[in-house]
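Nothing in this text is a laboratory measurement; each read-out follows from the coordinates by a stated rule. Quick caveat, the model's predicted, so the values are computed rather than measured. Reconstructed Cβ throughout: ideal geometry from the backbone, glycine too, with neighbour counts over all protein chains shown.
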């Protein structure tokens, strides 16, 4: 059967069973591979997406629960917070293996959308669901502070 | 994708390539075959296109350690290129042209050898390309070569003539000079400066650089049901329910697993859950971790094969004023990269194409070809980026490739993507070996160390692989004991020995390998011995250093100064130090720790590193920070436990917790200025942080933890 999803501002028709996790709808059916698989149980954060602007894990979100919700993925993440985060990530130049970084960028975007000037404690609380096996965490914190400063400066 | 990263090798080396260099390399049989089959550039390291884009072939796997950027830096330095011109791709698979020169004739990435083995080779490639460009310019301009200057991708002559690399690339395509001179390190202009990673943008934006992101048309997704115990064999398969699931196409089994083929991943995962498999455990490893610890402990209580022996340790221990003995236990550890094992393959009777992240691409290609009954020359290996490896993608037995080939063979000609789940990854073996150390020291009446006797019991992960003869020499697998030998300290009598153990649990390199346990034992046991007589941890170590270990001394003195400069230790915290050399690189670290409800919490760490010439300072710091996080993670709560009957108890990040951002200390890294050839840093931070934190904890609480991880104290 076919379901209509709103992905990155466009309507996409997905021919998949209703219980298919959004992660596999994105990757297998829509060719949007920026959202990564890491655990399948919402424990690693590699599949972070925004659903109506709120951080969610695509691996535990069946597509039939989405209704008309708007899904944003790393593949086309936009807006002031997203742009600031991506620029800070590249400026700080710290991705190692890089596999978790799309999820980190999405989660950082969600954080800055709600908390424009986060403290280290805010960052630790908001980002502790985003595992990075390379442990780039020190620079994740620094990049988020940079992005926050850029956002404030741009206002 | 707009970044510097281009994963389509054909695109990079295709029409736009004007000149390619083969730096005095023989053209081996296999590369010749690939030349004929594809394009004429396969055995080169450097190419320059008409737009001046310089692409280097990375013979090493980019696992996050920044090797592509490091190799490109060596080329760019000698070529006098502008950094913005540089690109890197994974080279084709070839054990001769792209051999790791530290290993001989095998293309392999590991043991932090990438930078050191390629240092001269890649610089020479850059210098040769530069000489060819200069020769072309001299001929074009009718001037002498030695009047031509090269700077940031531009050739110039005092007459005012000037041209970019790209314009001369075609003309430069002629015989390479036999001998070129390399720069003196003091003349470096790029090496040692901040060079942005070549893969930063792709990795920030989710570009399709991993095997899992390859989505060839009509590929079937394969999931696997693996044995519940190591060595169990498939006895029966009931696939009725699995095949009833929409989009599950077929189920196939082989000796050690059952494969589900489906049209998408969701169906393949559902099929995996629905298939019923009966197992024959007759050849399975059924001992638990507790059983193995008991056996390893018994073995470690007497010396094994001698690794180092000075003086008469037994006599000295018997005569010592005091002797101290301790046993240390280290669990199996899983790599747990966020990207699980995956790969894509397309094949028919005429050949195949593989997309795989592997630390040994040519051997893996050969094994896959063998499984498919194909000539390796007809199989193309596309080495992909990897979402974390830490040793996992370096398989002496080629197990990942073998499984991919075997299951693709079962599926028949076609296109397949294999995907392990997190549970597969956690339970799938290839762990850092479970290890027991038994260590004894003799002290004289003043508390000075007069004897040191360390026996290590663990298994060799080379057992039964093609590398066994190469890696186990004089009865010793160096990876099993590395870091327990070649200590910087001297005392009168000294013995290190190895008890080789055997189990059916597959084990493997795990970032920093033997140093993970050996460094911990050496540095924590020494800490206790110094503490018994009130010796200062830093001064006590300095006093024990061999006179020729000046680089160890320098990093230890440096780190002490860094911590001193940071000011007083805050209330409720204490600091611990450790010194450890691994992979040719020297490192000392001081960790600042508090008691967080019975567990150590590391707030800050200072690291001093001597890795010779620092190629890319920011990447060195990044790798040390990451290594510290990785090592700390394993110290705190990582362990794979085999329960009764030999089944792995853990299944995911829930019960195998890795470090999260809120437990990451702030790490400050300093490097020692050096003109020595560069040595590896990818694994460096892992070993020293563990004893540094344990030593801090010891001073904070009086408890020296000798069974890891710290979280397992709850169980004991």
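Each principal axis of the Cα cloud of the stretch A:2-73 was evaluated for its coordinate range; sorted largest first, these ranges are 28, 24, 20 Å.
List the relative contact order of the stretch B:108-224 as a percent without decimals, with contacts defined as Cα pairs under 8 Å and 6+ residues apart. Across the stretch B:108-224, relative contact order equals 22 percent. Spatial offset of the stretch B:531-556 relative to the stretch A:11-29 amounts to 61 Å, using the alpha carbon center of each. Annotation: the antiparallel percentage among DSSP beta bridges lying fully within the stretch B:362-509 is about 50. The fewest-to-most ranking of B:60, A:145, B:517 by surrounding Cβ atoms within 10 Å reads A:145, B:60, B:517. In plain terms, if you count all Cα to Cα distances in the stretch A:1-126 and split them into 5 Å steps from zero, the share in each step is 2, 11, 21, 24, 19, 12, 6, 3, 1, 0 percent.
Compared with the dominant principal axis of the Cα atoms in chain A, helix A:80-92 is inclined by about 60°. Adding -39500 (n - 2.57) for every DSSP H run of four residues or longer, then dividing by how many residues chain A holds, sets the calculated 222 nm ellipticity at -11000 deg cm²/dmol.
Computed as a quarter of the hull surface, the mean projected area of the alpha carbon convex hull for the stretch B:317-391 stands at 9.0 nm². Here the convex hull built on the C-alpha positions of the stretch B:268-371 has a volume of 257 cubic angstrom per residue.
Max-minus-min Cα coordinates of the stretch B:428-492 on each principal axis give 50, 25, 17 Å, with the largest extent listed first.
At q = 0.18, 0.28 Å⁻¹, what is the base-10 log of I(q)/I(0) for the stretch B:497-566 according to the Debye formula with one equal point scatterer per Cα and no solvent? Please give it to two decimals. At q = 0.18, 0.28 Å⁻¹ the computed log10 ratios are -0.89, -1.30. Compactness of the stretch A:80-154, taken as the C-alpha radius of gyration over 2.2 N^0.38 Å, stands at 0.96.
In terms of overall dimensions, the stretch A:2-44 has a Cα radius of gyration and Dmax of 10.7, 29 angstrom.
Remark: A:94, B:261 ranked as B:261, A:94, counting other beta-carbon atoms within 10 Å and listing the fewest first.
Cα-based values for the stretch B:167-267, radius of gyration first and Dmax second, are 26.0, 70 Å. Taking the DSSP bridge list for the protein assembly as shown and keeping only pairs wholly inside it, about 75 percent are antiparallel. Taking the inverse of the mean reciprocal distance over all distinct Cα pairs, the Kirkwood hydrodynamic radius of chain B comes to 27.2 Å.
Over all directions, the average projected area of the alpha-carbon convex hull for the stretch B:677-716 comes to how many nm²?
3.9
Scoring B:377-386, B:459-468, B:150-159 by mean Cβ neighbours within 10 Å over their residues and listing the highest first yields B:377-386, B:459-468, B:150-159. Under 10 Å, Cα contacts only: if you run a Gaussian network model on chain A, which one of A:121, A:88, A:46 comes out with the highest mean-square fluctuation? Comparing A:121, A:88, A:46 in the GNM, the peak value goes to A:121. With the helix formula -39500 (n - 2.57) applied to DSSP H stretches of n ≥ 4, chain B reaches a computed 222 nm mean residue ellipticity of -9000 deg cm²/dmol. Calculated on the alpha-carbon coordinates, the convex hull of the stretch B:60-103 measures out at 95 cubic angstrom per residue. Above 17 Å, the calculated P(r) of the stretch B:356-471 contains 68 percent of its Cα-Cα pairs.
Short version: what are the Cα gyration tensor semi-axes of the protein assembly as shown, square root of 5 times each eigenvalue, largest first, in whole Å?
40, 36, 29
Round to a whole angstrom and tell me the spacing of the C-alpha centers of the stretch B:303-372 and the stretch B:236-297. A separation of 25 Å, based on Cα centres. Taking the DSSP beta bridges with both ends in chain B, the antiparallel portion is around 75 percent. Ordering B:684, A:131 by the number of other Cβ atoms within 10 Å of each residue's own Cβ, fewest first, gives A:131, B:684.
Given q = 0.12, 0.15, 0.19 Å⁻¹, what are the Debye log10 I(q)/I(0) values for the stretch B:194-325, with equal point scatterers placed on the Cα positions and solvent ignored? Reported log10 I(q)/I(0), two decimals: -0.75, -0.85, -1.06. Computed from the C-beta positions of residue A:152 and residue B:189 and an R0 of 56 Å, the FRET efficiency is 0.95 to the nearest 0.05. Centre-to-centre separation between the Cα atoms of the stretch A:54-85 and those of the stretch B:590-642: 33 Å. Axis of helix A:137-154 versus longest Cα principal axis of chain A: the two differ by about 90°, to the nearest ten degrees. Once the convex hull of all Cα atoms in the stretch B:562-716 is built, its volume per residue stands at 126 Å³.
Taking only Cα atoms, what is the 0 to 90° angle, nearest 10, from helix A:101-114's long axis to the longest principal axis of chain A? The angle comes out near 70 degrees.
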